[in-house]
Amino acid sequence: MPQFASSLADQGWATCVSSDTTEDTILRELEQIGDTLGTRTVGRGGSLVEVIQPRKIIEAHPRSLSVRFGLDALPFHTELSHRQYPCRYLLLGCIDPGIPNAPTMLVDWRRLRFSQKELDFLESAPVLVRAGQRSFYSTILSSDRMFFRFDPGCLEAVTERGRAALTLVEQRLEDSVPEVHYWSKGDILIIDNWTIMHGRASVNQGSGRRLGRILIDA
Ligand SMILES: [Fe+2]
């Protein structure tokens, strides 16, 4: 069993360090770890392996969170929330932490202290998932409670119940104490995207921050 497997299963995320800090090695090792977890899938940019860097609003992908938030803090979200099933794992590898070092933040939805009644509500209140021509209605919590879908960039309330559900999650996130991950070159972060939401602190323009990213279906 890979070393990170028990941390990933227990807390929903795990870290390891690549064998050297060149971009090629980091990306290759992300792929190798990803292949032990499932099947690689494409991100918004249409690529199986991406190198992401903070983008100003004007430069951002039209359907990315960055087009709304740019270099400001990126709010907590589930990766690929616009799909029927968000990807199961998100792997990030630090090619350059940038200056200053903008951390990635992690929050486990199971620690947001939802009551049973609130969970029932999140499982039933409809929200619109904006995905262009493939937009659809869904709920924040899946009916089997296997995954949590939250992304201010593509989830929209079209009913009072939907609005209340989004507000409930936003309020709990505001009150949460996230895990703050400061990057060093070669760090790898493996995230269970079905239980852990991630966000990013604000960054400076031209900070040099670059992360490799791989998305995995499992
Ligand atoms: Fe993300």
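What number of residues within region 120-154 satisfy the criterion of being of a type in the set (Lys, Arg), within 20 Å of residue 65 (Cα to Cα) and open to solvent by 60 Å² or more (accessible area, probe 1.4 Å)?
Taking region 120-154 as the starting set, the residues that turn out to be of a type in the set (Lys, Arg) are 130, 134, 145, 149.
Keeping just the survivors that are within 20 Å of residue 65 (Cα to Cα) gives 130, 134, 149.
From what's left, open to solvent by 60 Å² or more (accessible area, probe 1.4 Å): 130, 134.
So the answer is 2.
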Handout entry: Complete set of residues in region 162-194 that are of a type outside the set (Phe, Trp, Tyr), open to solvent by less than 20 Å² (accessible area, probe 1.4 Å), within 15 Å of the ligand (Cβ to nearest atom) and in a loop (DSSP other than H, G, I, E, B)
Key = 193
Completion exercise
Flagged in region 26-60 as free of Cβ contacts under 8 Å to residues at least 40 places away in the same chain and over 16 Å from the mean Cα position of the chain (by Cα), in numbering order, are 28, 32, 35, 36, 46, 47, 55, 57, 58, 59, 60
Handout entry: Sole exception among (1) within 12 Å of the ligand (Cβ to nearest atom); (2) at pLDDT 95 or above for residue 108, by number
Key = (1)
Practice task
Could you grab me the full set of residues in region 196-212 that are surrounded by 21 or more Cβ atoms within 10 Å (Cβ to Cβ) and under 14 Å from the mean Cα position of the chain (by Cα)?
Solution key: 196, 197, 198, 200, 211, 212
Exercise for the section: Considering each residue of region 195-218, count those that are more than 15 Å from the ligand (Cβ to nearest atom) and either charged (D, E, K, R) or without any contact (Cβ under 8 Å) to a residue 40 or more places away in the chain (or both), and give that number. Expected result: 2
Handout entry: Candidate set from region 13-40 (those that are open to solvent by less than 20 Å² (accessible area, probe 1.4 Å) and touching a Lys or Arg at 6+ places or on another chain (Cβ under 9 Å)); member that is nearest to residue 216 (Cα to Cα)
Key = 34
Handout entry: Of all residues in region 60-104 being open to solvent by 30 Å² or more (accessible area, probe 1.4 Å), of a type in the set (A, V, I, L, M, F, W, C) and away from the ligand (no atom under 12 Å from the Cβ), the one that is nearest to residue 45 (Cα to Cα)
Key = 67
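The values are calculated or read from the model by the stated rules, or taken from the named source; none is laboratory data. For clarity, every value in this text was computed on a predicted model and none was experimentally measured. When we count neighbours, we look across all protein chains shown, and the Cβ atoms used for this are built from the backbone with ideal geometry, even at glycine. Ligands, DNA and RNA are stripped out before the accessible areas are found, and what is left, the full protein with its side chains, is counted by its heavy atoms. Shrake-Rupley method; radii C 1.70, N 1.55, O 1.52, S 1.80 Å.
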